[in-house]
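Participant: Next up is a structure, given as structure tokens.
Read-outs: derived from the displayed coordinates by stated rules, not from any lab. Since the structure is predicted, the reported quantities are computational estimates derived from the model, not experimental observations. Positions of Cβ are generated from backbone atoms using ideal geometry, with glycine treated the same way; all protein chains shown enter the neighbour counts.
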Amino acid sequence: MNITVLAVGTKMPRWVDEAVNDYAKRFGRDIVYTLKEIKPEKRTSSVNAAQGMLAEEKRLLDAIPAQALVVALDERGVAPTSIQLAEYLKTWQMNGEHVCFIIGGADGMTDTIKQKAKMLMRLSSLTLPHSMVRVLLTEQLYRAVSILHNHPYHRE
């Protein structure tokens, strides 16, 4: 199964890259995990939030793998448990889906991106920094895969 994460933002702190890479290495041969950083639009006096999100929208749409099932992270999305996320992954894997998760920029993402998504999902009801979202999403995806493989990483 292929999992791609598109994350608006570059130049994350070293600990973020290390944590994401650590979890990504744990997936094993069944999962091809790719994190693609998308350049954020600089906000200036001549570029407001809406204009910035439109520029980021184009970059995101261009980066979505062909035929991918899109899951956009959004504060109004469903909040699955780890077990439910594992079930989603199992279904997507059985259907041969390439799943693409999208983490928007500082101002969020456009309605066009949200409408392209098969699912809107949230990791928490709390507001989280984008760097933390990358780590949490990657860890939860690894946890879901470990649940599917009956690996003892997840405990109930």
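Participant: Quick check on the chain: helices-only [θ] at 222 nm, where DSSP H runs of length 4 and up contribute -39,500 (n - 2.57) each and the sum goes over total residues. Nearest 500, please. Write down the numbers at each step before the final one.
Facilitator: On the way: 5 runs with 66 residues, N = 156.
Mean residue ellipticity, 222 nm, calculated: -13500 deg cm²/dmol.
Participant: Using the Cα centre as the reference, give the magnitude of the dipole from point charges on the C-beta atoms of the chain (Lys, Arg: +1; Asp, Glu: -1; all else neutral), rounded to the nearest 20 debye. Each step should come with its number before you reach the end.
Facilitator: Values: 20 positive and 17 negative charges, 33 e Å.
Computed about the Cα centre, the dipole is about 160 debye.
Participant: Sort 61-70, 1-10 by packing, meaning the average of other beta carbons within 10 Å per residue, with the highest value first.
Facilitator: Result, highest mean first: 1-10, 61-70.
Participant: By DSSP, what percent of the beta bridges with both residues in the range 68-156 are antiparallel, rounded to the nearest 5? Display every interim value, and only then the final one.
Facilitator: Numbers: 1 of 9 bridges.
Of those bridges, close to 10 percent are antiparallel.
Participant: Quick one: of the DSSP bridges fully inside the range 2-148, what percent are antiparallel, nearest 5? All intermediate terms of the calculation are to be shown ahead of the outcome.
Facilitator: Working: 2 of 23 bridges.
Rounded to the nearest five, the antiparallel share is 10 percent.
Participant: For the range 1-52, go through all pairs of different Cα atoms, get the mean of 1/r, take its inverse, and jot down that Kirkwood value in Å. Mind dumping the intermediate values first?
Facilitator: Working: mean 1/r = 0.0765 Å⁻¹.
One over the average 1/r among Cα pairs gives 13.1 Å for the range 1-52.
Participant: Any idea which of Leu141, Leu35, Gly52 is furthest toward the positive side of the dipole for the chain, if Lys and Arg beta-carbons carry +1 and Asp and Glu beta-carbons -1?
Facilitator: Sorting the options by dipole projection puts first Leu35.
Participant: Let me ask you something else. Loop only by DSSP, 15 or fewer other Cβ within 10 Å of the Cβ. Give me the trypsin sites (Lys or Arg not before Pro) in the range 43-85 that pass, ordered by residue number. Write down the numbers at each step before the final one.
Facilitator: Details: sites: Arg43, Lys58, Arg59, Arg76; in loops: Arg43.
Hits after loop and neighbour filter: Arg43.
Participant: Please list, short to long, the whole-number percent of alpha-carbon pairs of the range 60-149 in consecutive 5 angstrom bins beginning at zero.
Facilitator: With 5 Å bins starting at 0, P(r) equals 3, 13, 25, 27, 21, 10, 2, 0.
Participant: Give me the Debye-computed log₁₀ of I(q)/I(0) at q = 0.10, 0.15, 0.19 Å⁻¹ for the chain, equal point scatterers on Cα only, no solvent, two decimals.
Facilitator: So the normalised log intensities are -0.34, -0.78, -1.25.
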